[in-house]
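Visitor: First, the structure itself, so that you have it in front of you.
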Amino acid sequence: MAIVGAGYAGLNAALELVERHGAEVAVLEAGQPGWGASGRNGGFAVPGGAKLSRAAMTRRFGADATAEWAGFERDAIERVRDNLERYAIDAEPGPEGELCLAHSPRAAKALAAEAETEAEDGTETQWLPPEALAERGLKAAGTHGGLLHPVGFSLHPLAYVRGLARAAQAAGVQLHGDSPVTSLGRSGGDWVLHTARGQITAPRVLIATNGYSDEALPPFLSGRILPIISAILVTRPLSPAELSSQGWRSRVMACDSRRVLHYFRLLPCGRFLFGGRGGVSARPAALAEFHSVLRADFDAMFPAFAAAETAHYWSGLICMTGNFTPFCAEVPGMPGLFAALGWHGNGVAAASEGGRRIAAALAGKPNPAPAITQVTPRRMPLPALRRPFLHAGMQAARLLDRLG
Ligand SMILES: Cc1cc2nc3c(=O)[nH]c(=O)nc-3n(C[C@H](O)[C@H](O)[C@H](O)COP(=O)(O)OP(=O)(O)OC[C@H]3O[C@@H](n4cnc5c(N)ncnc54)[C@H](O)[C@@H]3O)c2cc1C
């Protein structure tokens, strides 16, 4: 078997194929393992992976498929936990739970109502009014309470992916870095993957390239996916005085309720990580502009940290699909060619579990990935205009966020 891409999806698929299905596996990676989003994300191992609300998912796919997806999200968190333990990966796991801070009174009302509905369903979600947030050391300016979901934990993303790569090699996976696959062809019943340094032939292939996908590899992807930039700034270590002046002491993972959301957490080393999504251009000038906007948003929420300069800033690519759900199945019309991608900016857990599930299908068994991930992604309308449309959509969403 051959796998293209050594991120969470590709490496988990490789491990599962070797350990559970006794397959011979080669992974081809354009950079080094974890070079893509898996080595540079915010480290939130949380539920997610699709960009549809539960209600929209139920309308489109039905209640059973939606419940199956919810089960996948839970399994995905446990998968990450199990990987860390099984392969003895020290990825600095943080405290359980994720807090969503309301950015407006209207958002606070909606989140408080969500807490009530979830309580009726038996989820131990907690609505924390501003005083309760302050007591727990979770004070950010311009917020109106927060919803604490007790699920998920943070980790060091690069340590996690490097640990997976080590485990894969120890299990016998042939892991080839600096090996971008330049084309894919057929020879007899097999697939042939070409690289500048040679070629590999395999009966089954997994494309696990997510936001770094070449839409011609295979052409099926063309117009069905959209890479989006997510960027992170990390401050110098904060002093105890700065932390107490802001009133933020907790290491819990947090995000806000904005349409163009921010995600943030205090790192074990005392630095603060603050991230945001929505960029469409990787030109240096556009990335610098993105940093200015992100930094201004950070300073507004955490005024006591304003003197802590940005020590590190980087960006990476996440992947949307035309269905707003991941795709984890055989590529239509291409027997033996599979893809696992489209985690919508939430792939620490989902890509890990998605990689594990799709391995069974590569091994010739029924595909155990959730039904909603086996639906062929739609081609987006006017693919050539995807980026300008996205840019306009982001601008409009930012404006709406400012209005509450
Ligand atoms: C800044 C940022 C912050 C994020 N924060 C979070 C977070 O906190 N929580 C969360 O759940 N998710 C987060 N994400 C998303 C998460 O990182 C991704 O969903 C996840 O890492 C996807 O894993 P993957 O294995 O599918 O893809 P990737 O890790 O992107 O790996 C794809 C790999 O394919 C390789 N590749 C591409 N083309 C080829 C080719 N032709 N030949 C060989 N190799 C190729 C690339 O080099 C790359 O290494 C974030 C993403 C970014 C960019």
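The values are calculated or read from the model by the stated rules, or taken from the named source; none is laboratory data. Since the model is a prediction, treat every value here as computed from it, not as a measurement. Because the Cβ atoms are built from the backbone with ideal geometry, glycine has one as well, and the counts that use them run over all protein chains shown. Note: accessible area is taken over every heavy atom of the protein model, side chains too, but ligands, DNA and RNA are not part of it. Shrake-Rupley method; radii C 1.70, N 1.55, O 1.52, S 1.80 Å.
Visitor: Please go through the stretch 136-157 and give me each residue that is on the phi > 0 side of the Ramachandran plot and buried (at least 19 other Cβ atoms within 10 Å of the Cβ), ordered by number.
Guide: G145, G152
Visitor: OK, next. Could you give me the residue pairs with C-beta distances under 8 Å whose first residue belongs to the stretch 208-233 and is at positive phi and not assigned by TED's automatic domain parsing to the domain that holds I358, whose second residue is within 11 Å of the ligand (Cβ to nearest atom) and among the hydroxyl-bearing types (S, T, Y) wherever it lies, and which are 6+ apart or on separate chains?
Guide: Close Cβ pairs (under 8 Å, with a partner that is within 11 Å of the ligand (Cβ to nearest atom) and among the hydroxyl-bearing types (S, T, Y)) do not exist here.
Visitor: Can we say T325 is within 26 Å of R186 (Cβ to Cβ), hydroxyl-bearing (S, T, Y), within 19 Å of the chain's Cα centre (by Cα) and crowded, with 24+ Cβ neighbours inside 10 Å?
Guide: no
Visitor: Going through L233, L226 one at a time, which residue ends up being away from the ligand (no atom under 11 Å from the Cβ) and aliphatic (A, V, I, L, M)?
Guide: Details: L233 fails: away from the ligand (no atom under 11 Å from the Cβ).
When all the criteria are applied, what remains is L226.
Visitor: Assuming I318 fulfils every condition listed in (1) more than 24 Å from P47 (Cα to Cα); (2) within 11 Å of the ligand (Cβ to nearest atom); (3) in contact with a helix residue (DSSP H, G or I) (Cβ under 8 Å, 6 or more places away or on another chain) apart from one, which condition is it?
Guide: Of (1) more than 24 Å from P47 (Cα to Cα); (2) within 11 Å of the ligand (Cβ to nearest atom); (3) in contact with a helix residue (DSSP H, G or I) (Cβ under 8 Å, 6 or more places away or on another chain), only one is false for I318: (1).
Visitor: Right, next: Can you go through R398, R379, R356 and tell me which one is charged (D, E, K, R) and within 13 Å of the ligand (Cβ to nearest atom)?
Guide: Being charged (D, E, K, R) and within 13 Å of the ligand (Cβ to nearest atom) holds for just one of R398, R379, R356, which is R356.
Visitor: Return only the number of the condition from (1) over 17 Å from the mean Cα position of the chain (by Cα); (2) within 16 Å of the ligand (Cβ to nearest atom) that Y212 does not satisfy.
Guide: Of everything listed in (1) over 17 Å from the mean Cα position of the chain (by Cα); (2) within 16 Å of the ligand (Cβ to nearest atom), Y212 misses just condition (1).
Visitor: Any idea how many residues of the stretch 71-85 are touching a residue at least 40 places away in the same chain (Cβ under 8 Å) and under 18 Å from G7 (Cα atoms)?
Guide: Of the residues in that region, 7 qualify.
Visitor: Sort out which residues of the stretch 100-135 are surrounded by fewer than 20 Cβ atoms within 10 Å (Cβ to Cβ), of a type in the set (A, V, I, L, M, F, W, C), over 12 Å from L148 (Cα atoms) and modelled with pLDDT of 95 or more, and write them in order of number.
Guide: The one that is surrounded by fewer than 20 Cβ atoms within 10 Å (Cβ to Cβ), of a type in the set (A, V, I, L, M, F, W, C), over 12 Å from L148 (Cα atoms) and modelled with pLDDT of 95 or more: A134.
Visitor: Right, next: Name the residue that is surrounded by the most Cβ atoms within 10 Å (Cβ to Cβ), counting only residues in the stretch 227-258 that are in contact with a Leu (Cβ under 6 Å, 6 or more places away or on another chain) and not aliphatic (A, V, I, L, M).
Guide: D256
Visitor: Within the stretch 352-370, how many residues are in contact with a strand residue (DSSP E or B) (Cβ under 7 Å, 6 or more places away or on another chain) and of a type outside the set (G, A, S)?
Guide: Looking only at that region, the number is 4.
Visitor: Give the residue that is nearest to S183 (Cα to Cα), with candidates limited to residues of the stretch 20-45 that are more than 16 Å from the ligand (Cβ to nearest atom) and either open to solvent by 60 Å² or more (accessible area, probe 1.4 Å) or basic (K, R) (or both).
Guide: E24
Visitor: Something else about it: Within the stretch 189-209, work out how many residues are within 14 Å of the ligand (Cβ to nearest atom), in contact with a helix residue (DSSP H, G or I) (Cβ under 9 Å, 6 or more places away or on another chain) and open to solvent by 60 Å² or more (accessible area, probe 1.4 Å).
Guide: Here the count works out to 0.
Visitor: Additional query: Can you name every residue in the stretch 279-301 that is in contact with a strand residue (DSSP E or B) (Cβ under 7 Å, 6 or more places away or on another chain) and touching a residue at least 12 places away in the same chain (Cβ under 8 Å)?
Guide: Once the filter is applied, which keeps residues that are in contact with a strand residue (DSSP E or B) (Cβ under 7 Å, 6 or more places away or on another chain) and touching a residue at least 12 places away in the same chain (Cβ under 8 Å), the stretch 279-301 yields G279, V280, A282, L287, F290, H291, L294, R295, D297, F298.
Visitor: Could you go through the stretch 384-401 and let me know if any residue there is surrounded by fewer than 17 Cβ atoms within 10 Å (Cβ to Cβ) and in a loop (DSSP other than H, G, I, E, B).
Guide: Scanning the stretch 384-401, I find no residue that is surrounded by fewer than 17 Cβ atoms within 10 Å (Cβ to Cβ) and in a loop (DSSP other than H, G, I, E, B), so the answer is no.
Visitor: Can you tell me which residue within the stretch 46-99, out of those that are basic (K, R) and either modelled with pLDDT under 95 or over 15 Å from H156 (Cβ atoms) (or both), is surrounded by the most Cβ atoms within 10 Å (Cβ to Cβ)? Break it down into steps so the answer makes sense when it comes.
Guide: Going through the stretch 46-99, the residues basic (K, R) turn out to be 51, 54, 59-60, 74, 79, 81, 86.
Still in the running and either modelled with pLDDT under 95 or over 15 Å from H156 (Cβ atoms) (or both): 51, 54, 59-60, 74, 79, 86.
Working: K51: 18, R54: 13, R59: 12, R60: 15, R74: 14, R79: 22, R86: 12.
It comes out as R79.
Visitor: Mind checking whether some residue in the stretch 306-315 is within 14 Å of the ligand (Cβ to nearest atom), touching a strand residue (DSSP E or B) at 6+ places or on another chain (Cβ under 9 Å), at pLDDT below 95 and over 30 Å from S244 (Cβ atoms)?
Guide: no
Visitor: Kindly provide the set of residues from the stretch 270-292 that are within 15 Å of the ligand (Cβ to nearest atom) and either polar (S, T, N, Q) or open to solvent by 50 Å² or more (accessible area, probe 1.4 Å) (or both), ordered by number.
Guide: Residues satisfying the conditions are S281, A282.
Visitor: Name the one entry in E73, E78 that is of a type in the set (D, E) and within 14 Å of the ligand (Cβ to nearest atom).
Guide: E73
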